[in-house]
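Heads up: the structure comes next, in structure tokens.
The values are calculated or read from the model by the stated rules, or taken from the named source; none is laboratory data. Fair warning: this is a prediction, and the values are worked out from it, not measured in the lab. Using ideal geometry, Cβ is built from the backbone for each residue, glycine included, and neighbour counts are taken over all protein chains shown.
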Amino acid sequence: MSYPAWLVGAASVLALTVSAQAETITIATVNNGDMIRMQKLTDDFTKDHPDIDLEWVTLEENTLRQRVTQDIATKGGQFDIMTIGNYEVPLWAKQNWLMPLENMPDGYDVDDILPAIRGGLSVDGTLYAAPFYGESAMLMYRTDLAEKAGIAIPDQPTWADIKKAAEAMTDKDNEIYGICLRGKAGWGENMAFITAMSNSYGARWFDMDWQPQFDSPEWKATITDYLDMMEKYGPPGASSNGFNENLALFQQGKCGMWIDATVAASFVTDKDESKVADKVGFAQFPNKQGVDNHGNWLWSWNLAIPASTDAPDAAKAFVAWATSKQYTDLVAENEGWAAAPPGTRTSLYENPKYQEAAPFAKMTLESINAVNTKKPSVQEIPYTGAQFVAIPEFQGMGTTVGQMFSAALAGQMSADQALQNAQAVTKREMTKAGYIK
């Protein structure tokens with residue numbers, strides 16, 4: 001069938017007009033499995049929003065933090081949506097750097113967000129970021145290796161239990177390492193784990209006068225035991241291993257135990273990705289005997305809209321889609337209920353289908369609910385946070401201290417030297433910032 005030239009011309013003009021009207025939003029995100037999955041499912045969004053084009057900038061965790069922090073602080077305007085943590089959200093909201101997420105679409109159900117997660121993303125009752133997934137930390141371990149070694153891992157283990165199990169499970173001749181822990185430097189990489197571990201040993205970053213405490217016996221015990229376990233029972237090159245590297249090692253069957261984010265549970269039990277999917281047990285984050293603190297952390301990866309965006313409505317539409325209950329249903333339909341983004345919504349943990357598909361659901365929720373961000377240490381502290389200190393200066397200090405502990409893990413300095421350096425640099429930065437008079 002042929003059409004009149006005028007009609008063909010009009011259709012071409014209309015198509016060009018629609019194309020010209022399409023808004024492009026640029027989304028900065030982290031290269032974690034859940035975010036990669038989100039990108040694969042965005043056809044569901046674009047079919048309902050043909051006037052919105054998506055551009056992705058997917059980065060390694062440390063690089064992402066550097067890029068988005070620099071962009072928002074300088075009002076660079078590179079991104080319309082940023083993937084940031086519950087560390088940044090309240091600090092940036094108070095600087096008026098983030099757009100408040102008010103009047104979300106009908107059916108979004110803000111009240112369904114877990115109270116602990118929602119509270120960390122709100123300032124004066126206003127939500128400034130929407131959680132994509134939330135997490136605490138827990139122990140994941142090989143049940144078959146534990147059984148073979150004749151050891152039982154309790155639901156609430158101590159570090160003495162962990163050391164004993166790590167030794168029993170290690171078989172370096174067959175590339176099986178008793179324990180895998182983060183070693184890659186970064187305030188949200190190795191220092192997330194090490195700070196949580198230090199809390200479980202009774203340590204604290206600062207006393208009530210903001211004096212650093214790396215010269216305390218609690219910190220000495222933390223770092224000494226961390227390095228000792230990793231040297232004797234950990235994988236080679238551990239100072240380069242962060243979350244993703246340890247996840248790959250565990251999935252390949254090379255780790256007896258891994259203590260890390262609860263979000264990893266769906267990946268280590270994924271039969272398509274993990275060689276040990278049906279051999280994984282879960283337990284609470286360990287504590288040191290005599291210290292009533294399991295060192296749980298609280299983290300969420302969230303989608304936030306910088307106040308500088310020139311496409312606020314389009315950005316908000318995407319954030320609402322990606323963090324909705326409907327998105328959870330979409331993941332379940334395509335990947336199974338066990339793959340649903342965890343740790344954000346009450347309704348997920350009340351869903352019988354999720355409970356049946358996710359053997360880790362109960363432990364994840366218990367770990368999140370056990371976190372007290374107002375008192376992460378058993379000692380008195382002037383700060384809040386769990387695996388981080390909620391002050392703007394922590395990002396720089398945490399990364400610098402993380403580099404020192406990573407160097408100690410690589411054998412470039414002793415535990416004592418790393419602690420001395422951490423004490424000196426942290427005291428200098430806190431004095432410079434005016435915390436120490």
Worksheet item: Can you find even one residue in the stretch 32-53 that is over 22 Å from residue 317 (Cα atoms), out of contact with any Phe, Trp or Tyr (no Cβ under 7 Å at 6 or more places or on another chain) and surrounded by fewer than 14 Cβ atoms within 10 Å (Cβ to Cβ)?
Response: no
Item to complete: Note down all Cβ pairs under 9 Å where the first residue falls in the stretch 23-50 and is more than 18 Å from residue 328 (Cβ to Cβ) and free of Cβ contacts under 8 Å to residues at least 40 places away in the same chain, the second is of a type in the set (A, V, I, L, M) and surrounded by 17 or more Cβ atoms within 10 Å (Cβ to Cβ), and they're at least six residues apart or on different chains.
Response: 46/52; 46/54
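Tell me, please, whether a residue that is assigned by TED's automatic domain parsing to the domain that holds residue 40, outside any helix (DSSP H, G or I) and modelled with pLDDT of 95 or more can be found in the stretch 325-335. Break it down stepwise before answering.
Step one: list which residues in the stretch 325-335 are assigned by TED's automatic domain parsing to the domain that holds residue 40, which gives 325-335.
Going one step further and asking which of them are outside any helix (DSSP H, G or I), we end up with none.
Looking through the stretch 325-335, none of the residues is assigned by TED's automatic domain parsing to the domain that holds residue 40, outside any helix (DSSP H, G or I) and modelled with pLDDT of 95 or more.
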Item to complete: Might you let me know whether the stretch 402-419 holds any residue that is of a type in the set (D, E, K, R), out of contact with any helix residue (DSSP H, G or I) (no Cβ under 9 Å at 6 or more places or on another chain) and loosely packed, with under 14 Cβ neighbours inside 10 Å?
Response: no
Discussion item. Cβ contacts < 7 Å: first residue over 18 Å from residue 428 (Cβ atoms), restricted to the stretch 210-222; second residue assigned to a helix (DSSP H, G or I) and among the small types (Gly, Ala, Ser), any location; separation 6+ or different chain. Result?
Written reply: 218/198; 222/198
Worksheet item: Could you say whether any residue in the stretch 222-234 is surrounded by fewer than 19 Cβ atoms within 10 Å (Cβ to Cβ), on the phi > 0 side of the Ramachandran plot, charged (D, E, K, R) and assigned by TED's automatic domain parsing to the domain that holds residue 386?
Response: no
Response to the item:
With criteria (1) surrounded by fewer than 17 Cβ atoms within 10 Å (Cβ to Cβ); (2) at pLDDT 95 or above, residue 391 comes up short on (1)
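On the basis of being buried (at least 22 other Cβ atoms within 10 Å of the Cβ), within 17 Å of residue 220 (Cβ to Cβ), of a type in the set (Gly, Ala, Ser) and in the same structural domain as residue 207 (by TED's automatic domain parsing), does residue 424 make the cut?
On the way: buried (at least 22 other Cβ atoms within 10 Å of the Cβ): no; within 17 Å of residue 220 (Cβ to Cβ): yes; of a type in the set (Gly, Ala, Ser): yes; in the same structural domain as residue 207 (by TED's automatic domain parsing): yes.
Against the criterion (buried (at least 22 other Cβ atoms within 10 Å of the Cβ), within 17 Å of residue 220 (Cβ to Cβ), of a type in the set (Gly, Ala, Ser) and in the same structural domain as residue 207 (by TED's automatic domain parsing)), residue 424 does not qualify.
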Practice prompt. Residue by residue through the stretch 428-437, note down the ones that are part of a helix (DSSP H, G or I) and surrounded by fewer than 19 Cβ atoms within 10 Å (Cβ to Cβ).
Written response: 428, 429, 431, 432
Practice prompt. Please name all residue pairs, on different chains or six or more residues apart, with Cβ atoms under 6 Å, provided the first residue is in the stretch 393-420 and is assigned by TED's automatic domain parsing to the domain that holds residue 383 and of a type in the set (Ser, Thr, Tyr) and the second residue is buried (at least 19 other Cβ atoms within 10 Å of the Cβ) and outside any loop (DSSP other than H, G, I, E, B).
Written response: 406/190; 406/239
Worksheet item: Which of the residues that make up the stretch 297-352 are among the charged types (D, E, K, R), surrounded by fewer than 22 Cβ atoms within 10 Å (Cβ to Cβ) and over 22 Å from residue 64 (Cβ atoms)?
Response: 313, 325, 329, 333, 335, 350
Item to complete: Scan the stretch 260-274 and report the pairs whose first residue is free of Cβ contacts under 8 Å to residues at least 12 places away in the same chain and whose second residue is of a type in the set (Gly, Ala, Ser), with Cβ atoms within less than 9 Å and a gap of 6+ or a chain change.
Response: 271/277
Worksheet item: Do you know which residues across the stretch 154-167 are in contact (Cβ under 8 Å) with a residue 40 or more places away in the chain and surrounded by fewer than 21 Cβ atoms within 10 Å (Cβ to Cβ)?
Response: 154, 155, 156, 158, 160, 161, 163, 167
Worksheet item: Of the residues 114, 127, 64, which is in contact with a strand residue (DSSP E or B) (Cβ under 6 Å, 6 or more places away or on another chain), at negative phi and either surrounded by fewer than 16 Cβ atoms within 10 Å (Cβ to Cβ) or outside the structural domain of residue 266 (by TED's automatic domain parsing) (or both)?
Response: 64
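Are any of the residues in the stretch 371-382 more than 23 Å from residue 87 (Cβ to Cβ), part of a loop (DSSP other than H, G, I, E, B) and modelled with pLDDT of 95 or more? Don't jump to the end; show me each part of the working.
Filtering the stretch 371-382 down to residues more than 23 Å from residue 87 (Cβ to Cβ) leaves none.
No, the stretch 371-382 has no match at all.
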